[in-house]
Amino acid sequence: MVSTPPTRKRLQNRRFLRDALVILLAVFFLVPVIWVVLSSFKPNAELYVVPPSLLPKEPTLENYRMAFTVGHFATYTWNSFFVATVSTLIALLTNSMAAFALAKYRFVGRQALFLLTLATIMIPLQVIMVPIFLVLRNLGLTDSLWGIIIPPAATPTGVFLLRQYILSIPDEILESARMDGASEWGIYWRIILPLSVPALATLAIFSFTWRWNDFIWPFVVISSEQKATLQLALARLVGQFGVDWSTLLAATVITLLPMLIVFLLLQHYFLSNLTAGSVKG
Amino acid sequence: MGHKLGKLLTPYLFVAPNTLIFGIFVVLPMAYGLVYSFYRGNFIGGLQQFVGLGNYQQLLQDRAFLTSLSHTFVYVVLVVCLVVVLSLALAIALRATSLGTALARIGFYLPVILSPVVVGVAWRWMFSSDLGVINAVLSSLGQSPIPWLTDINWARAVVILASVWSMVGFYMVIFIGGLNTIPAELYQAAEVDGANPRQQFWQITLPLLTPTTLMVTILATINSFKAFEIILVLTNGGPGDATRLLVQNIYQTAFEGANPTYASAQSVVLFGILMLLTLVQLRISRED
Amino acid sequence: MRKVRLLALVLLLCSLASAKGTLQMVWFTEAPTEQAIFEKYVRMYEAANPDTKVEVTYVPFQQLTQKLQLMVAGNTPPDVARVVTANIAEFEPVALDLSAYVDSASFLNQFLPSQIPYIYRKPRIIGAPLDVTANGIFYNKDCFNEAGVKVPTNSLNVWTWEQWREAMNKVRNNSKCRFALSYDFTTHRFSTLLYQAGGRFIDDSGKKFVVDSTQGLRTLTFFADLFKDGFIPKGQWLSNDDPSTLFRSGQAAMYMSGNWNLAQFSQIKNFNWGVMPLPRDKFRSTVPGGKFVMGFRGSKNPEEAAKFIQWITSKEVNLPFSKDNMVLSARKDAKGMKYGQFDDAIAVFQSDLSVTPAYVGKDWSNPAIARLNTFIRGEIVKVLLGQQTPKQALETIQAEGNKILR
């Protein structure tokens, strides 16, 4: 190897090539998604044409019009939005508190609590639906939006993720803050939280997605139309003897947009290398 | 004295809200589930007869259960290996900041935000034997169609690929987060020492990424053990029971077979397996 | 603070309103259009009963059973639910007994005899039929014309199984339809052939499985051969391919399903279609099914529930309701009712229903069949995969069935 340093131009070229390559790969990776989006513009009959085509021959917005007339679309959207947002905020708070304690304190039962946290991911919700329903009923949380906001807010994955991140924050920072007379809550609120922004942003994205896409909790909890969420309404498009594909596809694309927006808004928090510097303190 | 007590209590206060929610809404129902597993009963009559370990004994001879269990093991091993390797590779390839990588990151993340039903439907559109795009392309090229979803082995392969596809973006994001906690100076120092990218990977990235890799492995293991919804749409467990995994079996036992107590016993077994695997994984990595 | 007080007031008002008599319903939907139609009738009911507020929980069919199981297990059953045959059998023990609210004889006498086994458990009446369904074959007229195959037009000249097979062969080879037959992936649709062959699942006593018979063997062998010879595409029974899609795309010449598709198929524009009488073997037969409304013991408003059930199944309401949904009313006085665009097709379904033996309905009202539905289907699939012979499958089904009946 000749050790001449690569010129600026060559570096730029290389970057360009790399970018082109990864974008190409991503597009290939996304073929199924692209199909979903393009098909949402196809008239119903065209969905069944053989051989299936990628591009709509006669693009139409009819499916979107249909999607907006499914029941009370605005109500469902608001409910979903409210639930996803509030539940995510609660998750960020309670999960980070728990994660902080699990990462930075030594106390009796810590290991057990950590395992318990992990254990709660291990049981598929579908399986314990009946007891969950009984508990919610006894607490008067059935058919209430709070019944789908509070229980799933304690996401075990969130605790796990944040704990791992907080572990990488050096103890010296906390110690020096204690020297300066900071309270434990102050340490959590003024040091841990700001330093954990990348991890919190990641969790916010995940949590919003989970709650937005959630079917099982709303299915168990909600029974009235005024409190139904988008996913409950979407599931109804799958009938006993056939599926209303065109409306389903259009509605799916609509439901994807908020999550995409949240991702775009938050991604620079955790994907830029700049934040890494602040963690090292 | 009071101060000391306060200090002792602090961590407990921090974990309290989360633990309370867990306790009421997940652990308590799980405990119910454990109790159910010792009974015979149904949705209408409730718990009817205490049978002790009867349900568990029955499991040992239940062919549907045992087959779905062995399918699940194979599925989990393959999916976890593929997911860990691919998501790490993607994270490394896309950690740099440029417009291209930013766009690609969004692209690879997108499947994560699709609901399982949509993932299943989109993959059916490609791989369906009679209506799928891939077979349409193959026959227009004069090739004979491939029985993607009607042949046992092909169907298993497609199911695994679809699962990996839907999960890989999630773990990529976690890996990128992990990569960003590695100090950049380490790489600069290594470059000064003349380490090539491959050496940098083996000597810096991988060792320092161990906690993240462990987390990804544990989460991916648990989540693929619970896989069910995508497969339900994609093959409905078919052909026959070739892609029927444990959770689908539990679900069908509980609701279609109207036998919730027997299903509870199966989920206790699932829980036991996952707990054991997680403990082993934590031990191997000597975490904590 | 003021907001809190306001909220409390609103909550109070709401609870007062609900005390006024809320009728809670679980209604499954088959198509989005159906929900709109039903809501219209709900408003009508509320207008006629100003003291009652109807609250409907719409659930997709796939989750219907589960939702009801949850509510029953949690001791909070709905007042009224719309169910299918399998559900009414499963929830029989907790069904609201309507005989306490109506005159049994005259109430039952309104409905077609084929639906009575599902709802009458002497002396209890556990539900009321909303509509009747019949399995049947839709066909692509364009493909049949292209292949020059004439479809039997009336009940006198229906095909035998052999003639039916011959027709499949001709249509597939001589038309643009790539596949001869789409076939719903259900035990229910499979059983149509079983009854035509003269077989059945359970004997008259209702206590013994008799499916392992020469008729059963003939049926399963014939059915498996349809796959082996490529008449039915394998994906439909092996990997969740949607049979309806294949027919709607114009690629399957025939579709074994049932009358509930009429409303949906009215949207098909790319080819002409019709309904043909089912083929015969030893007998002619279809499988009657249907949708029902039922109440639950221990629900909040049983009286109101009984009232609504009588209302929705009454002549004045049920006939227009059936017409709006393009389904067959289960009332005797619906005979001769005109639907406008589908009268020919409906006549075919009705003719098949009229020749169906009575024990077919008895089979399907037995809870054992409801529980074994998925199991039976699974055993048939094993035959299609070559993992067992038809004979072995029938033996397994029979053994498992007898275990449940005992």
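Figure legend. Inter-residue proximity from the stretch A:110-133: first residues more than 7 Å from chain B (Cβ to nearest Cβ), second residues among the charged types (D, E, K, R) and buried (at least 21 other Cβ atoms within 10 Å of the Cβ), beta-carbon distance below 8 Å, spacing 6+ or different chains. Indicated pairs: A:Phe114/A:Arg163. I need the full set of residues from the stretch B:75-105 which are among the small types (Gly, Ala, Ser) and more than 7 Å from every other protein chain (Cβ to nearest Cβ), in order please. If the condition is that a residue be among the small types (Gly, Ala, Ser) and more than 7 Å from every other protein chain (Cβ to nearest Cβ), then B:Ser87, B:Ala89, B:Ala91, B:Ala96, B:Ala102 are the ones that fit. Looking at this structure, is C:Val102 within 14 Å of chain A (Cβ to nearest Cβ) and at pLDDT 90 or above? It is false that C:Val102 is within 14 Å of chain A (Cβ to nearest Cβ) and at pLDDT 90 or above. Take the conditions (1) out of contact with any helix residue (DSSP H, G or I) (no Cβ under 6 Å at 6 or more places or on another chain); (2) in contact (Cβ under 8 Å) with a residue 40 or more places away in the chain; (3) of a type outside the set (Val, Ile, Thr); B:Trp154 misses just one of them, which is (2). C:Ser155 - would you say it is under 25 Å from C:Ser266 (Cα atoms) and either modelled with pLDDT under 95 or under 19 Å from the mean Cα position of the chain (by Cα) (or both)? Judged against the criteria, C:Ser155 is a match.
So that you can scan it fast, the table gives a plain yes or no per residue for (1) at the interface with chain C (Cβ under 10 Å from one of its Cβ atoms); (2) in contact (Cβ under 8 Å) with a residue 24 or more places away in the chain; (3) under 30 Å from C:Trp260 (Cα atoms):
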| residue | (1), (2), (3) |
| --- | --- |
| A:Ala182 | no, no, no |
| A:Gly186 | no, no, no |
| A:Phe208 | no, yes, no |
| A:Ala228 | yes, yes, yes |
| A:Ala233 | yes, yes, yes |
| A:Ser246 | no, yes, yes |
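Scanning the stretch B:106-122 for residues that are facing chain A (nearest Cβ under 7 Å), more than 22 Å from the chain's Cα centre (by Cα) and either surrounded by fewer than 20 Cβ atoms within 10 Å (Cβ to Cβ) or more than 23 Å from B:Ile152 (Cβ to Cβ) (or both) turns up nothing. Would you be able to say whether some residue in the stretch B:133-147 is touching a Gly at 6+ places or on another chain (Cβ under 8 Å), buried (at least 17 other Cβ atoms within 10 Å of the Cβ) and of a type in the set (A, V, I, L, M)? The answer is no; no qualifying residue exists.
Only one entry in C:Asp229, C:Asp241 is within 14 Å of another protein chain (Cβ to nearest Cβ) and among the acidic types (Asp, Glu), namely C:Asp241. Entry remark, the stretch C:204-231: residues being part of a loop (DSSP other than H, G, I, E, B) and within 22 Å of the chain's Cα centre (by Cα) number 2 in total. The set of residues in the stretch A:165-178 that are part of a helix (DSSP H, G or I) and either surrounded by fewer than 23 Cβ atoms within 10 Å (Cβ to Cβ) or at pLDDT 90 or above (or both) comprises A:Ile166, A:Leu167, A:Asp171, A:Glu172, A:Ile173, A:Leu174, A:Glu175, A:Ser176, A:Ala177, A:Arg178. Restricting attention to the stretch A:39-80, the residues that are surrounded by 14 or more Cβ atoms within 10 Å (Cβ to Cβ), assigned by TED's automatic domain parsing to the domain that holds A:Ile254 and not in a helix (DSSP H, G or I) add up to 3. Of everything listed in (1) closer than 19 Å to C:Pro357 by Cα; (2) over 15 Å from the mean Cα position of the chain (by Cα); (3) surrounded by 24 or more Cβ atoms within 10 Å (Cβ to Cβ), the single unmet condition for C:Ala134 is (2).
Residues in the stretch B:95-105 that are under 24 Å from the mean Cα position of the chain (by Cα) and assigned to a helix (DSSP H, G or I): B:Ala104, B:Arg105. Candidates in the stretch B:25-50 are the residues that are modelled with pLDDT under 90 and among the β-branched types (Val, Ile, Thr); of these, the one that is nearest to the chain's Cα centre (by Cα) is B:Val26. Annotation note: of C:Glu146, C:Glu90, the sole residue that is charged (D, E, K, R) and under 22 Å from the mean Cα position of the chain (by Cα) is C:Glu90. Listed by first and then second residue, the pairs linking a residue in the stretch A:152-167 that is assigned by TED's automatic domain parsing to the domain that holds A:Thr202 to a residue that is surrounded by fewer than 24 Cβ atoms within 10 Å (Cβ to Cβ) and acidic (Asp, Glu), with Cβ atoms under 9 Å apart and 6 or more places separating them unless they lie on different chains, are A:Pro152/A:Asp214. Given the condition farther than 29 Å from C:Gly127 by Cβ and either of a type in the set (S, T, N, Q) or surrounded by fewer than 17 Cβ atoms within 10 Å (Cβ to Cβ) (or both), answer yes or no: does some residue in the stretch C:371-387 qualify? Yes: one or more hits. Considering only the stretch C:352-365, I want to know if a residue exists there that is out of contact with any Ser or Thr (no Cβ under 6 Å at 6 or more places or on another chain), surrounded by fewer than 16 Cβ atoms within 10 Å (Cβ to Cβ) and either of a type in the set (A, V, I, L, M, F, W, C) or assigned by TED's automatic domain parsing to the domain that holds C:Asn87 (or both). Checking the stretch C:352-365: at least one residue is out of contact with any Ser or Thr (no Cβ under 6 Å at 6 or more places or on another chain), surrounded by fewer than 16 Cβ atoms within 10 Å (Cβ to Cβ) and either of a type in the set (A, V, I, L, M, F, W, C) or assigned by TED's automatic domain parsing to the domain that holds C:Asn87 (or both). For the stretch B:131-143, the criterion of being facing chain A (nearest Cβ under 10 Å), not in a helix (DSSP H, G or I) and not aromatic (Phe, Trp, Tyr) is met by at least one residue. Across the stretch C:118-175, the number of residues qualifying as in contact (Cβ under 8 Å) with a residue 24 or more places away in the chain and under 30 Å from C:Val102 (Cβ atoms) comes to 15.
Restricted to the stretch B:1-74, the set of helices (runs of 4 or more DSSP H) holding at least 2 residues that are within 12 Å of chain A (Cβ to nearest Cβ) and within 20 Å of B:Tyr251 (Cβ to Cβ) comprises B:28-36.
Condition check for C:Met254 on (1) within 30 Å of C:Ser104 (Cα to Cα); (2) touching a residue at least 12 places away in the same chain (Cβ under 8 Å): one failure, at (1). Can you name every residue in the stretch A:81-109 that is surrounded by fewer than 22 Cβ atoms within 10 Å (Cβ to Cβ) and either of a type in the set (Phe, Trp, Tyr) or away from chain B (no Cβ under 12 Å) (or both)? Residues satisfying the conditions are A:Phe81, A:Phe82, A:Thr85, A:Val86, A:Leu89, A:Tyr105, A:Phe107.
Just one of the listed residues (A:Ala112, A:Ala91) is within 22 Å of B:Val26 (Cβ to Cβ), modelled with pLDDT of 90 or more, assigned by TED's automatic domain parsing to the domain that holds A:Ser223 and in a helix (DSSP H, G or I), and it is A:Ala91. I'd like to check something: does the stretch A:213-227 contain any residue that is closer than 30 Å to C:Ser266 by Cβ and either assigned by TED's automatic domain parsing to the domain that holds A:Thr77 or surrounded by 19 or more Cβ atoms within 10 Å (Cβ to Cβ) (or both)? Yes, the stretch A:213-227 contains at least one residue that is closer than 30 Å to C:Ser266 by Cβ and either assigned by TED's automatic domain parsing to the domain that holds A:Thr77 or surrounded by 19 or more Cβ atoms within 10 Å (Cβ to Cβ) (or both). Do we find that C:Leu394 is within 11 Å of chain B (Cβ to nearest Cβ), in a helix (DSSP H, G or I) and touching a residue at least 24 places away in the same chain (Cβ under 8 Å) in this structure? So C:Leu394 fails the test.
The values are calculated or read from the model by the stated rules, or taken from the named source; none is laboratory data. All values derive from a computational prediction rather than experimental measurement. Virtual Cβ from ideal backbone geometry, glycine too; neighbours counted across all protein chains shown.
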